[in-house]
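K.L.:
Please find one structure pasted underneath; my questions will follow.
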Amino acid sequence: MENNDIIKLENRVYKRPALLNEAHMHYCPGCSHGVVHKLVAEVIEELGLQERAIGVSPVGCAVFAYNYIDIDWLEAAHGRATAMATATKRLMPDKLVFTYQGDGDFAAIGTCESIHSCNRGESIAIIFINNAIYGMTGGQMAPTTLLGQKTATCPYGRCADLNGYPLSITPLLAQLDGTRYVTRQSVHTPANVRKTKAAIKKAFLNSMEGKGTSVVEVVSTCNTGWKLTPEKANKWMEENMFAKYPLGDLKDVDAKNE
Amino acid sequence: MNDKVLLMKGNEALAMAAIRYGADGYFGYPITPQSEVLEKLEEEMPWETTGMVVLQAESEVAAINMVYAGASCGKAVFTSTSSPGFSLMQEGMSYMCASEVPALVINVMRGGPGLGTIHPSQADYFQACKGGGHGDYHPIVLAPASVQEMADFVALGWDLAFKYRAVSLILADGLVGQMMEKVILPEQRPRRTEEEIRKQCPWAVMGRKDMRPKNIITSLELDDDKMEANNHRFQATYREIEKNEVRFELVDTDDCDYLIVAFGSMARIAMKTMEMAREEGIKVGLVRPITLWPFPVQPIAEIGKRVKGILVPELAAGQLIEDVKLAVECKVPVAHFDRLGGNVPSPDEILNALKKELINA
Amino acid sequence: MAKIRGAVTVNTERCKGCNLCVVACPCDVLALMQKEVNDRGYHFAYMANPDKCIGCQSCALVCPDACIEVYRVVEK
């Protein structure tokens, strides 16, 4: 059988989600953001929420998420995405409302809004990309930068005395009464991509069902910021990031009830 | 016809007027001297009646960004605060103006700078009228001088905000917010339905119903030419507002030899000053700017041509006076009088200042 | 015995040559073009060993630019 016999519409088992439009994404080659964007688009399509989805994009590399996924979007000031999502969901409870934020946005400048939105149990989904660096501004230290990790603003490696410790915020959020589902995933292997997609789907369903806050942390790479190839960045993540940010569900209220 | 006369605080009247306007949501953080707005809303429980959302946010920063989101969804949303909180809200003010979303913000001013005092002040005039955040922008600034105006300016503020896709700011002070006066509240209006909002605000972020083209509310534009065009569009709107929406009150200006320009609580005190002056044979008139931005340049310039001097009493160390001097192009003496730090002058203090600075100068 | 045959298409103009699909492929089907680049200057991915493809979607799943579509047939 020739390739041309296989490549027919009726044989297609994987296609780009229609909501992810033709625009070239500005992300660097190999960036995890692209994978997560794709998953967000796929889940919205599979749940049939195209007409009811509202995303809140952050300040950071994902600021232009609104250019790539064809739903309605709000673009928040730095760190304020969950505050915006709070109001949006409260004013329109029948909508799917989610934020898409990086580590600087969610866990540094937006920490106050992040914690309080989760603590109030706002029925929003939070997608939190943790790549331990500020990508958009050129590779500065993030709240989640690992000890010893070199960035533009800790060029000799993060040192606890000078720079404080890396912040693992997701376990804090899991302790709050308002969170329904808190998980930490990655997208560096096909199996992990599938798990992250399932997590995003659960988070979006929780939002639609008004069940409280869902947080999907995606431990990600920033190969440009880390100055590694995409492949080596994945390896570095496995060897270094997962020790501080281990993968898995941190809280799933519904699982306990089952 | 609703003509029931009630007695309540300015802050409470404002809260009640908002519910009756058909507001969709309030997001705020307690700060003296405006906490009665949130307290009244929580007490009234409008979510049970009109479906309005009321939320005590974790900070003024969060509150203004909640308002930013609600406004981006085409909803009638508002927040209220006092001076230190308003400083925290400048980020959101700038973003909302840059995104051209219609919102209502209330600043019940207290004395500053810093934590300052909880008593009345007008020292946020520059911050309110000149754009306290970054970039070239203006909110429409309304200055109530009575409890009735605290109630009435809610509807006016929102109507202007939706007309121009602008931010309306009610700039009150601790005196107007805290004093009790009689007030007639507006009739209850129904909240707009989602369909009505989609029609009135086709740009609103409400989800792509019927798969209409997506709506994005953002203040970001990295293409310099496009961002310049955005700025030109904002400025064109501001020129329209300046042309159409200047509001002011004139009192006894037909025959006056001296003019007082004052707003808010100071205008009320100055009214008594005028009375006292006229009893002594000194003909004093008053221009009370109701919109501080756009500023009533034209009436002040006109009246300025035929008076011997202008006194600008403020609860600020010389802010309003700059706009008055610009209006008359310094062709007539313009004198300043202030009380600061939460102090409020008596009418005779203002009269003495008028005599000292302009009549006997 | 039924044999599973797969094939992928790569949107070569979207591809940024990150190589993650090449690494993810369990059957060594994919490679980056060594001497050819797209309009943006990237060495895009292509099926170097098409006969080995089983249509498992691993490449498409990890592709950050959503430029891979996967087709699959069961040969009787």
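The values are calculated or read from the model by the stated rules, or taken from the named source; none is laboratory data. Given the structure is predicted, the values throughout are model-derived calculations rather than measurements. Glycine also receives a Cβ, built like all others from the backbone with ideal geometry; neighbour counts cover every protein chain displayed.
K.L.:
Mind checking whether some residue in segment B:59-74 is in the same structural domain as B:V167 (by TED's automatic domain parsing), of a type outside the set (F, W, Y) and more than 20 Å from A:V56 (Cα to Cα)?
P.N.:
No.
K.L.:
Now, a different point. If I filter segment A:37-67 down to residues being in contact with a helix residue (DSSP H, G or I) (Cβ under 7 Å, 6 or more places away or on another chain), in a helix (DSSP H, G or I) and within 25 Å of A:N234 (Cβ to Cβ), which single residue comes out as farthest from the other protein chains (Cβ to nearest Cβ)?
P.N.:
Among them, the one singled out is A:V43.
K.L.:
To continue, here is another question. With the requirement that a residue be part of a strand (DSSP E or B) and closer than 25 Å to B:E245 by Cα, what does segment B:299-310 give you?
P.N.:
Across segment B:299-310, the qualifying residue is only B:I310.
K.L.:
Specify the residue that is surrounded by the most Cβ atoms within 10 Å (Cβ to Cβ); the eligible residues are those in segment C:8-39 that are within 12 Å of C:C56 (Cβ to Cβ) and touching a residue at least 40 places away in the same chain (Cβ under 8 Å).
P.N.:
Out of the qualifying residues, it is C:V8.
K.L.:
Give the residue that is farthest from the chain's Cα centre (by Cα), with candidates limited to residues of segment A:68-115 that are at the interface with chain B (Cβ under 9 Å from one of its Cβ atoms) and among the polar types (S, T, N, Q).
P.N.:
Per the stated criteria, the residue is A:T88.
So that you can scan it fast, the table gives a plain yes or no per residue for (1) in contact (Cβ under 8 Å) with a residue 40 or more places away in the chain; (2) within 14 Å of chain A (Cβ to nearest Cβ); (3) hydroxyl-bearing (S, T, Y):
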| site | (1), (2), (3) |
| --- | --- |
| B:L175 | yes, no, no |
| B:P190 | yes, no, no |
| B:A204 | yes, yes, no |
| B:M211 | no, yes, no |
| B:I216 | no, yes, no |
| B:L222 | no, yes, no |
| B:A236 | no, no, no |
| B:D255 | no, no, no |
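K.L.:
So which of B:P139, B:P102, B:P113 ends up being more than 30 Å from B:R339 (Cα to Cα) and of a type outside the set (G, A, S)?
P.N.:
Being more than 30 Å from B:R339 (Cα to Cα) and of a type outside the set (G, A, S) holds for just one of B:P139, B:P102, B:P113, which is B:P102.
K.L.:
Taking B:A229 as the residue in question, decide whether it is more than 14 Å from chain A (Cβ to nearest Cβ), farther than 15 Å from B:A71 by Cα, surrounded by fewer than 18 Cβ atoms within 10 Å (Cβ to Cβ) and among the aliphatic types (A, V, I, L, M).
P.N.:
Yes, satisfied.
K.L.:
Turning to a different aspect of this structure: Give the residues of segment A:1-36 that are touching a Cys at 6+ places or on another chain (Cβ under 9 Å) and part of a helix (DSSP H, G or I), sorted by residue number.
P.N.:
Listed by number, the residues that qualify are A:N3, A:I6, A:S32, A:H33, A:G34, A:V35.
K.L.:
Regarding segment A:107-121, can at least one residue be identified that is more than 23 Å from A:E238 (Cα to Cα), without any contact (Cβ under 8 Å) to a residue 60 or more places away in the chain and in contact with a helix residue (DSSP H, G or I) (Cβ under 6 Å, 6 or more places away or on another chain)?
P.N.:
Among the residues of segment A:107-121, at least one is more than 23 Å from A:E238 (Cα to Cα), without any contact (Cβ under 8 Å) to a residue 60 or more places away in the chain and in contact with a helix residue (DSSP H, G or I) (Cβ under 6 Å, 6 or more places away or on another chain), which makes the answer yes.
K.L.:
For segment A:207-258, which fully contained helices (runs of 4 or more DSSP H) count at least 2 residues that are surrounded by fewer than 19 Cβ atoms within 10 Å (Cβ to Cβ)?
P.N.:
Qualifying helices (runs of 4 or more DSSP H): A:230-236, A:253-257.
K.L.:
Moving on. Only one of B:V37, B:V105, B:V67 is within 13 Å of chain A (Cβ to nearest Cβ), within 19 Å of the chain's Cα centre (by Cα) and either under 30 Å from B:T218 (Cβ atoms) or of a type outside the set (A, V, I, L, M) (or both); which?
P.N.:
After applying the criteria, what remains is B:V67.
K.L.:
Among the residues of segment C:27-75, write down those that are facing chain A (nearest Cβ under 7 Å) and among the charged types (D, E, K, R).
P.N.:
Result: C:D65, C:E69, C:R72, C:E75.
K.L.:
Within segment B:58-75, track down each residue that is crowded, with 24+ Cβ neighbours inside 10 Å and in a loop (DSSP other than H, G, I, E, B).
P.N.:
Selection gives B:C73, B:G74, B:K75.
K.L.:
So, one more: So, of the residues in segment B:312-361 that are among the β-branched types (V, I, T) and part of a strand (DSSP E or B), which turns out to be farthest from the chain's Cα centre (by Cα)?
P.N.:
Filtering segment B:312-361 for residues that are among the β-branched types (V, I, T) and part of a strand (DSSP E or B), the one farthest from the chain's Cα centre (by Cα) comes out as B:V334.
K.L.:
Applying the selection to segment A:1-22, what residues are under 16 Å from A:D72 (Cα atoms) and more than 7 Å from chain C (Cβ to nearest Cβ)?
P.N.:
A:A18, A:L19, A:N21
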